[in-house]
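Presented below is the structure to which this report refers.
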Amino acid sequence: MELFDLIVIGGGPAGYNAAGRAGHSGLKTLVIEKRALGGVCLNEGCVPSKSLLYSAKVLDYANHASNYGVTVTGASLDQKKVVARKDKVVKTLVSGIGMQMKQAGVKVVAAEAQILKKDAEGFHVTADGQEYVGKNLLIATGSAPVVPPIPGLREGLEAGHVMTNREVLDLQEIPEKLVVIGGGVIGLEMASYYNSVGSKVTVIEMLDHIAGPTDREISNILMKNYEKKGITFKLGYKVTAVEKNAVICEDANGKSESVPADKILCSIGRRAVTQGFGLENLNVLLDRGAIKTDEQMRTNIAGLYAAGDVNGVSMLAHTAYREGEVAINTILGKKDHMRYHAIPSVIYTNPEVGAVGETEESAKAKGMDVEVVKLPLMYSGRYVAENEDSRDGICKVLVDRKYRRVVGIHMIGSYASEIIYGGAMMIETELKVEDLQEIVFPHPTVCEVIREALFEVK
Ligand code: NAI
């Protein structure tokens with residue numbers, strides 16, 4: 001039986017980052033991962049999808065090269081090579097995490113963990129036939145796709161014509177017709193990829209808009225862009241059954257329709273993974289199926305922490321990183337807490353969406369008095385120079401009228417994913433508009449539009 005200061009179950013962004021920080025801080029740390037270090041994000045989520053989307057972007061560039069005075073003939077995409085490249089990218093990064101764990105002095109066990117009990121010694125966990133005891137235990141088991149009891153859906157997953165975020169990244173052939181159930185982030189990113197590479201894509205979404213909590217004006221622009229590119233959106237439709245070659249759905253009036261499909265992607269959300277590893281032996285408090293945590297990532301049990309998707313607060317890899325750090329700082333006795341009001345979110349479609357803070361809708365719902373400044377990205381020379389095909393990008397800056405602080409920034413257009421952290425800094429640092437106006441932005445860039453917007457604030 002080996003004793004550790006900290007045992008981490010799950011080697012995804014929350015788990016491996018926390019383990020690395022803990023190791024560097026002198027805590028004797030063990031991380032147990034049953035599949036691969038990097039978790040969903042690195043192996044079957046954020047990173048592989050970006051690898052695929054970049055291939056699609058290169059193809060889009062080639063197909064539209066003539067708009068920029070460049071002649072490209074016969075551009076085509078080899079899906080098998082795209083997937084092989086994606087696998088190489090993942091492999092490189094996974095081995096990088098292995099190195100990081102080594103450098104931090106963290107022990108990694110590649111096996112399934114089972115929590116046995118908590119006693120005076122600490123948390124007893126078994127993996128690969130060994131028993132380990134941790135003074136502290138961090139649960140970072142992540143999330144899994146929601147598969148609702150729609151007739152034919154589970155059978156379709158088993159048969160292979162229905163996919164989740166995992167299988168959709170490994171398709172060796174481009175499906176002629178792809179139906180995406182759920183117009184959230186995963187659905188839109190994959191719809192974007194398969195649209196670019198030639199599939200006829202239909203997105204079925206039960207709400208009256210895509211992209212969930214995204215600023216409505218921005219999600220409408222995104223949808224228009226994709227309608228122009230050929231994606232069909234069926235909003236306000238409920239899926240009632242899934243067949244081998246079709247998805248059956250009905251509109252608000254109960255009118256049923258069959259949408260032909262060679263492959264179907266089920267992307268209707270994710271749920272925290274709290275079962276199958278002995279968590280029930282600890283009597284931990286759950287909240288709507290996720291582990292309930294406070295601002296320090298503590299649970300109701302002393303020494304037990306939860307970070308990442310498993311606590312269900314904000315299912316994003318970058319939130320997970322930060323939550324893991326907060327958990328470790330709390331264990332180390334350092335003052336720290338989790339703040340969720342300035343976490344950026346990005347949709348890596350083409351155009352990209354970058355957002356942080358309040359939307360017009362959420363600010364209104366909270367009764368906040370905000371001024372909304374909206375500028376077209378056409379204000380940016382670089383944007384005009386680089387976008388011949390579509391120039392409808394916008395930037396919205398929301399400012400609290402009383403405190404004159406930025407409370408939200410929302411962008412659709414090139415580089416939005418890279419720019420948006422600047423918005424997070426404006427919100428986190430709570431600088432006033434007048435202070436932000438003194439900051440010099442590089443020129444010519446797309447981010448300059450934010451600076452322009454700050455000067456438009458009354
Ligand atoms: P999501 O929660 O983003 O979107 C699910 C969508 O499915 C919602 O719009 C919902 O209204 C719709 N829906 C639910 N049930 C439905 C039904 N029966 N029929 C039709 N539509 C239905 O979930 P998604 O896309 O699966 O993503 C899961 C998680 O992964 C999210 O928390 C997301 O933040 C994260 N993620 C983040 C990415 C990023 O930051 N770029 C990329 C991919 C995933």
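Taking the Cα centre of segment 346-458 as reference, the dipole from Cβ charges on Lys and Arg (+1) and Asp and Glu (-1) amounts to some 360 debye. The residue list Ala365, Val440, Gly354 was ranked by how far each Cα lies along the charge dipole of segment 345-454 toward its positive end, using unit charges on Cβ atoms, and Ala365 comes out on top.
The dipole here belongs to the chain: it is taken about the Cα centre, uses +1 on the Cβ of Lys and Arg and -1 on the Cβ of Asp and Glu, and is about 400 debye. A 1.4 Å probe over all protein chains sorts Lys458, Lys335 by accessible area into Lys335, Lys458, starting with the largest. Near Val40, once Lys and Arg are set to +1 and Asp and Glu to -1 for all other residues with Cβ below 11 Å from its Cβ, the sum equals +1. Taking Lys and Arg as +1 and Asp and Glu as -1, the other residues whose beta-carbon sits under 15 Å from that of Tyr61 total -3. Annotation: per residue accessible area for the chain equals 46 Å², rounded to a whole number [probe 1.4 Å, protein chains only].
Scale the Cα Rg of segment 153-268 by the rule-of-thumb value 2.2 N^0.38 Å and send over the ratio, two decimals.
Expressed relative to 2.2 N^0.38 Å, the Cα Rg reads 0.98.
Can you give me the C-alpha center-to-center distance between segment 264-278 and segment 1-63, rounded to a whole angstrom? Centre-to-centre (Cα) distance: 17 Å. The Rg/Rh ratio for segment 148-190, using Cα coordinates for both the radius of gyration and the Kirkwood hydrodynamic radius, is 0.94.
Summarising the label geometry, the points placed 7 Å from Cα in the beta-carbon direction at Lys458 and His337 lie 3.5 nm from one another. Considering only Cα atoms, the convex hull volume of segment 200-347 works out to 155 Å³ per residue. Taken one residue at a time, the phi angles of segment 412-429 give Karplus couplings (6.51, -1.76, 1.60, θ = phi - 60°) of 10, x, 4, 6, 3, 5, 8, 7, 5, 4, x, x, 4, 5, 4, 6, 5, 7 Hz. Gly and Pro are set to x.
Placing Ile32, Ile301 in order of accessible area, with the largest value first and a 1.4 Å probe, yields Ile301, Ile32.
Here's the picture: charge each Lys and Arg Cβ at +1 and each Asp and Glu Cβ at -1 in the chain, and of Ala327, Ser66, Thr126 the one pushed furthest to the positive end of that dipole is Thr126.
When only the Cβ of Lys, Arg, Asp and Glu is charged (+1, +1, -1, -1), the dipole of segment 153-268 relative to its Cα centre reaches about 200 debye.
The figure for Ser143 is an accessible area of roughly 10 square angstrom, using a 1.4 Å probe on the protein chains alone. Please work out the C-alpha center-to-center distance from segment 356-429 to segment 294-341 and express it in whole Å. Segment 356-429 and segment 294-341 have Cα centres separated by 28 Å. Sequence neighbours fewer than 8 away in the same chain don't count; with that in mind, list the aspartates and glutamates whose C-alpha is under 16 Å from Lys374. By straight Cα distance, Lys374 reaches Asp215, Glu217, Glu358, Glu360, Glu361, Asp392, Asp400, Glu448, Glu452, Glu456. Here the gap between Glu295 and Lys238, fully extended at 0.36 nm per residue and compared with their Cα-Cα distance, gives a gain of 16.9 nm.
Computed over the alpha carbons of the chain, Rg followed by Dmax gives 23.3, 72 Å. If both residues of a DSSP beta bridge must be in the chain, then about 60% of such bridges are antiparallel. The candidates Asp78, Asp128, arranged from most to least accessible area with a 1.4 Å probe in the full protein assembly, appear as Asp128, Asp78. Lys and Arg at +1, Asp and Glu at -1: add these up for the other residues within a Cβ distance under 10 Å of Leu431 and post the number. Every neighbour counted, the sum reads -2.
Cross-link pairs exceeding 30 Å in C-alpha to C-alpha distance, out of Lys88/Lys135; Lys228/Lys396; Lys366/Lys432, comprise Lys88/Lys135.
Using the Cβ-Cβ distance between Ala365 and Asp389 with R0 set to 30 Å, the FRET efficiency works out to roughly 0.30.
The convex hull of the Cα atoms of segment 345-454, projected and averaged over all directions, covers 6.4 nm².
Per-residue extension of 0.36 nm, minus the Cα-Cα distance of Val440 and Tyr421, leaves a gain of 5.2 nm for this segment. What accessible surface, in Å², does a 1.4 Å probe find on His337, ignoring ligands, DNA and RNA and rounding to the nearest 10? Here the accessible area works out near 60 Å². With the charge dipole of the chain set up from +1 on Lys and Arg Cβ and -1 on Asp and Glu Cβ about the Cα centre, the Cα lying farthest toward the positive end among the listed residues Cys46, Leu222, Gly182 is that of Cys46.
The values are calculated or read from the model by the stated rules, or taken from the named source; none is laboratory data. Since this is a predicted model, take the numbers as computed values, not measurements. Neighbour counts run over all protein chains shown; Cβ positions are idealised from the backbone, glycine included. Quick note on the areas: whole protein, heavy atoms, side chains included, nothing else; ligands and nucleic acids left out. Shrake-Rupley method; radii C 1.70, N 1.55, O 1.52, S 1.80 Å.
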